[in-house]
Every structure is written in C-alpha cells, then in structure tokens.
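Asker: Got a structure for you, questions after.
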Amino acid sequence: MGGRPADLEALCQRFPHSPWVEDAFYGIGWAWQNLKQPDNAVAAYAQVTRRTAAEVAARAQLQIGLCRLEQGRFDEALTALLAVPLTYDYPDLNAPAWCEAARAYLAKKNPGEAANLLQKVVKDYPKSPWAEVARKRLGEIKKGTG
C-alpha cells in the first residue's frame, strides 16, 4: 500500500466500491497511527468497522482500542477492545484484545477485572504467545506491581 494517508484516501474516493477499500482504510488508519495522530487513525479505522464485519474490521477495532489506550482514554479503549471478542468471530484477535483490555483495567486501578481477562487468555488460548503475556501480567498483579 502507499506511504501517505492521502494516497490511500484518494484511492478510496476514486474506487469506493473496490473490494480493497476496507484494506485501504485500514492502511490509512495504520499510517495515521504511525504518524502519532490517533484521532485521525481512529476515524479511518471506524470507516472499516462501518463497512464490513470481515477480519479487517476486527483488526481495525483492536487498533481503535490501542489508540485510545495510548491516549489514556481508558473507558473508550475498553469499549473498543472488548468489542473485538464480543462482536467478531476471529479467535486469533481475541487474546490480544483481552490482554490489552486488561491493561486498560489496570490503568483504571481495577486489577480484579484485569486478572479475570488475563486468566481467560491463559485458559482459552494456552498455546498463544498472548498466554505468556497474560501469565506475566498476572504475576505482576499478584506482586502488586501491575
């Protein structure tokens, strides 16, 4: 995909019915996110979630949550992150969504809810690399450093 958000935006405007439009909007979001412009990124990712329920939408939903988490907008991050496993049926994206939602709960000083989500990752996705992340964070919660 192109390097600048404007290149992809032009593609979306010129070919609005292309089967690649959702991927282009995702690319726009990714570009804005990497340019440290999370509000623009969220706007592009939201275009994806409005247009499709395909895996690219679940990935966009996850990125919306990560943008909001990085902005310290923890309630919005939780809403976006929890929507991934509760709305979409893409198991590979559930574990990272649960782990990142747990991070938002920790930021909100709610280690109990964070631990519940992390235990779910360990139980439901034991072979996922995210299970190791969850175990580490659970250990930090138990030590009181989470």
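Asker: What is the ratio of the Cα radius of gyration of the chain to 2.2 N^0.38 Å, where N is its residue count, to two decimals?
Answerer: Output field value: 1.11.
Asker: Here is a further query. Apply 1/(1 + (r/R0)^6) to the Cβ-Cβ distance of LYS136 and GLN37, taking R0 = 25 Å, and write down the FRET efficiency to the nearest 0.05.
Answerer: 0.25
Asker: Under 12 Å from the Cα of LYS127, which aspartates and glutamates turn up, not counting those fewer than eight places away in the same chain?
Answerer: Output for LYS127: ASP92.
Asker: Moving on to the next point. For every other residue with a beta carbon closer than 13 angstrom to the beta carbon of GLN33, add +1 if it is Lys or Arg and -1 if Asp or Glu, then tell me the sum.
Answerer: Residues near GLN33 contribute +1 overall.
Asker: Taking the radius of gyration and the Kirkwood hydrodynamic radius from Cα positions alone, what is the Rg/Rh ratio for region 23-68, to two decimal places?
Answerer: Rounded to two decimals, Rg/Rh equals 0.92.
Asker: Follow-up question, since we're still on this one. Tell me the trypsin sites (Lys or Arg not before Pro) within region 115-146 that lie in a loop according to DSSP and have at most 12 other beta-carbon atoms within 10 Å.
Answerer: Listed in order of number, the matching sites are LYS127.
Asker: Sort THR49, THR79, THR87 so that the residue with the fewest other Cβ atoms within 10 Å of its own Cβ comes first and the one with the most comes last.
Answerer: Least crowded to most crowded, the residues run THR87, THR79, THR49.
Any read-out appearing in this document is the output of simple, stated calculations on the displayed coordinates, not a laboratory observation. Being a predicted model, the structure only gives us computed values, none of them experimental. For neighbour counting, all protein chains shown are included, and Cβ atoms are generated from backbone atoms with ideal geometry for every residue, glycine included.
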